[in-house]
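Visitor: Here it is, the structure in full.
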Amino acid sequence: MYEKVAQTINDFGLLTPEEPIVVGVSGGADSLCLLDCLVELGYALVVAHLDHQLRPESGEEAQFVEKICESYGVPCIQQATDVRKLAGEGGSLEEAARLARYNFLARIAREQNSKYVAVGHTCDDQVETILMHLLRGSGPGGLRGMLPKTSFTQWAGIEIEGEIDLVRPLLECSRIETVAHCQHLGLTPVDDPSNADLTLHRNRIRHELLPLLESYNPGIREVILRLSDVMRGQVAFNQMQLSRVWPEVMRALGSNGYVINVRRFRELHPFLQGSIIRHAIANLAPALRDISYEATIRAKDWLEGSRGSLTLPGELSLEWFGENALICRPGEFLQFETYPQLSSDSELILRCPGEIELDNGWHISAQVESRQDPSREPWTAGVDHMSAVFCAKGFPPELTVRRRRSGDRIQLPAVDGTTKIADLMINRKIPRQLRAQWPLIVSGDQMLWVPGVQRSDQYMITEDSSDIVVLQLQPPEEFKHV
């Protein structure tokens with residue numbers, strides 16, 4: 001057993017000998033076997049035991065684990081949590097216990113400055129997990145089962161700071177082997193009667209479904225484990241393909257969303273399309289345990305040309321953005337690097353002359369220049385949409401840069417009356433998601449310029465204008481030559 005566990009650790013690069021390891025020990029055969037193997041292999045350990053308080057004898061089991069740790073000379077940290085209260089009325093005890101257990105292990109790892117949490121999952125647990133995923137309708141990611149090593153940040157429902165790996169050194173060992181190992185050592189593991197409770201989904205798979213499948217094929221466990229190996233390779237290949245096309249299809253908008261290049265998305269194989277949708281949802285809603293096949297199908301169908309928006313798992317939204325689409329958290333700031341944006345309602349002061357930087361790397365500058373040639377035609381209306389020129393006479397020395405407010409209007413050149421800023425943005429085809437965050441240049445109640453869109457009729461250049469003020473919108477350096 002020692003050699004087998006050492007080989008698994010080596011094959012998958014699970015642990016570093018010098019690093020302390022937090023070991024989850026319940027007192028059952030699997031966790032006791034794991035503890036003994038890691039002690040024998042010379043790792044520095046801290047045992048963590050969570051009393052779920054689901055049974056009257058759970059306190060005695062905690063004392064048992066503490067005594068075992070004393071015999072090995074390993075520190076033991078314990079905590080008691082009323083899982084029934086966490087689950088609430090009608091909640092899932094299994095899910096509440098899982099979240100409580102892994103949050104506890106992650107906290108202990110942080111406190112112990114450990115990069116690793118080791119748990120005693122065996123290949124029997126792997127078989128049961130794969131069957132659970134199969135019954136739920138999982139794809140290759142679910143059918144590969146548990147990984148020997150995975151990051152806690154990718155462990156659904158667990159939010160932690162820092163990098164901590166969850167490792168499973170017994171994943172290639174069987175439950176029969178862990179029980180035999182404990183018997184050889186003279187250890188009497190805790191017998192958890194809840195493992196026979198057929199109201200729990202996993203127990204029904206263990207005690208009813210698996211024996212039934214073995215009546216069809218006595219080697220069904222080995223078949224399922226081979227399926228896991230095949231799916232692990234398939235997922236690795238899919239991830240390689242996904243990494244290749246992802247930059248062509250998806251552009252991050254900070255941490256709250258992505259722009260989808262719909263034209264390029266539609267060119268991809270349907271399987272890759274689903275992988276992209278699934279990966280985007282997983283990144284934006286990491287607490288989701290499962291992303292259903294139906295959700296990815298609905299998203300793919302919607303991107304073929306549906307109207308309106310689509311709600312996705314994790315309270316995400318899929319909506320159109322011009323010819324492209326957005327997948328995002330509604331109401332959150334989206335960092336559009338290729339457009340000028342303000343992330344908050346706070347106001348910026350632009351002095352003349354002077355320059356300010358917006359939240360996403362864009363700049364707005366104000367310069368006073370001499371008008372060398374009074375007949376120079378471009379100065380009459382502005383150089384282009386990235387610049388606007390004004391007569392310097394009477395021009396305010398300070399301008400305010402802010403976001404749009406309800407009722408904002410602008411007086412346009414050669415137009416009777418004022419125009420709503422909202423209508424102007426719609427007419428100029430500014431995508432809806434950008435309008436509320438677009439910077440505006442104002443002086444008091446006067447709207448002077450909607451950068452990149454339109455200047456007002458204030459401070460117009462005349463034949464008598466000797467000096468001019470040039471307001472200029474500049475993109476970040478990486479976009480200047482695009």
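Visitor: List every residue whose amide H lies under 5 Å from the amide H of residue 48, counting only residues 5 or more places away in sequence or on a different chain, with H placed 1.01 Å from N in the peptide plane.
Guide: Correct list: 23, 24, 25, 77.
Visitor: Treat each spin label as a single point 7 Å out from the Cα along the C-beta direction, and report the residue 57 to residue 434 distance in nm.
Guide: 6.7
Visitor: Want the number for residue 229 to residue 195: 0.36 nm per residue separation, take away the alpha-carbon distance, what's left? Walk me through the intermediate numbers first.
Guide: Values: separation 34, 0.36 × 34 = 12.24 nm, distance 2.70 nm.
That works out to 9.5 nm of additional length.
Visitor: With contacts defined as alpha carbon pairs under 8 Å and 6 or more residues apart, what's the relative contact order of segment 73-216 in percent?
Guide: Relative contact order for segment 73-216 comes out at 22 percent.
Visitor: Separate question: Straight-line reach from residue 4: which lysines have a Cα under 19 Å away, not including same-chain ones fewer than 8 places off?
Guide: 149
Visitor: In nanometres, what is the gap between the two model label sites at residue 367 and residue 294, each 7 Å from Cα along Cα-to-Cβ?
Guide: Calculated label separation equals 6.0 nm.
Visitor: Kindly state, to the nearest 0.05, the FRET efficiency for residue 212 paired with residue 94, given R0 = 25 Å and r defined as their beta-carbon distance.
Guide: 0.70
Visitor: Lone cysteines in the chain, defined as no other cysteine's Cβ under 4.7 Å from theirs: which are they?
Guide: 33, 37, 123, 173, 182, 328, 352, 391
Visitor: By per-residue mean of other Cβ atoms within 10 Å, what is the highest-first order of 211-219, 335-343?
Guide: 335-343, 211-219
Visitor: With all protein chains present, how much of the accessible area of the chain (probe radius 1.4 Å) comes from carbon and sulfur, to the nearest whole percent?
Guide: Ligands and nucleic acids excluded, carbon and sulfur reach 49 percent.
Visitor: Output wanted: per-residue J couplings in Hz (rounded whole) for segment 441-456, from phi through Karplus 6.51 cos²θ - 1.76 cosθ + 1.60, θ = phi - 60°, x for Gly and Pro.
Guide: Result, rounded to whole Hz: 9, 10, 9, x, 8, 8, 8, 9, 7, 9, x, x, 10, 6, 8, 8.
Visitor: Starting from the Cα of residue 239, step 7 Å along the direction of its Cβ; do the same at residue 307; then give the gap between the two resulting points in nm.
Guide: 4.2
Visitor: Further question on the same structure: Tell me the per residue accessible area of the chain using a 1.4 Å probe; a whole number in Å² is fine.
Guide: Here the per-residue accessible area is 51 Å².
Visitor: Among 288-295, 258-265, what's the highest-first ranking by average C-beta atoms within 10 angstrom per residue? Numbers along the way, then the final one.
Guide: On the way: 288-295: 15.9, 258-265: 18.4.
Put in order of decreasing packing, that is 258-265, 288-295.
Visitor: Work out the FRET efficiency for residue 337 and residue 19 from their Cβ-Cβ distance, taking R0 = 41 Å, and round it to the nearest 0.05.
Guide: Taking R0 as 41 Å, the efficiency between residue 337 and residue 19 is 0.60.
Visitor: Using only alpha carbon pairs under 8 Å that are at least six residues apart, calculate the relative contact order of the chain and give it in whole percent.
Guide: Worked out over the chain, it gives 11 percent.
Visitor: Between residue 344 and residue 252, take the C-beta separation as r, use R0 = 22 Å, and let me know the FRET efficiency to the nearest 0.05.
Guide: 0.65
Visitor: Can you give the local net charge around residue 265? Use residues other than it whose beta-carbon is closer than 11 angstrom to its beta-carbon, Lys and Arg +1, Asp and Glu -1.
Guide: +1
Visitor: If you compute Kirkwood radius over Cα pairs in Å for the structure shown, which of (i) 27.2; (ii) 25.6; (iii) 24.7 do you land on?
Guide: Given (i) 27.2; (ii) 25.6; (iii) 24.7, the calculated one carries the label (i).
Visitor: For the peptides 9-18, 392-401, 309-318, what is the packing order when you average, over each peptide's residues, the other Cβ atoms within 10 Å and list the highest mean first?
Guide: In decreasing order of mean packing, 9-18, 392-401, 309-318 become 309-318, 392-401, 9-18.
Visitor: Below 12 angstrom from the Cβ of residue 237, what's the summed charge of the other residues (Lys, Arg +1; Asp, Glu -1)?
Guide: +3
The values are calculated or read from the model by the stated rules, or taken from the named source; none is laboratory data. What you see is a predicted model, and the numbers here were worked out from it, not measured in a lab. Here the Cβ is made from the backbone with ideal geometry for all residues, glycine too, and neighbour counts use every protein chain on show. These accessible areas exclude ligands, DNA and RNA; they are computed on the full protein's heavy atoms, side chains included. Shrake-Rupley method; radii C 1.70, N 1.55, O 1.52, S 1.80 Å.
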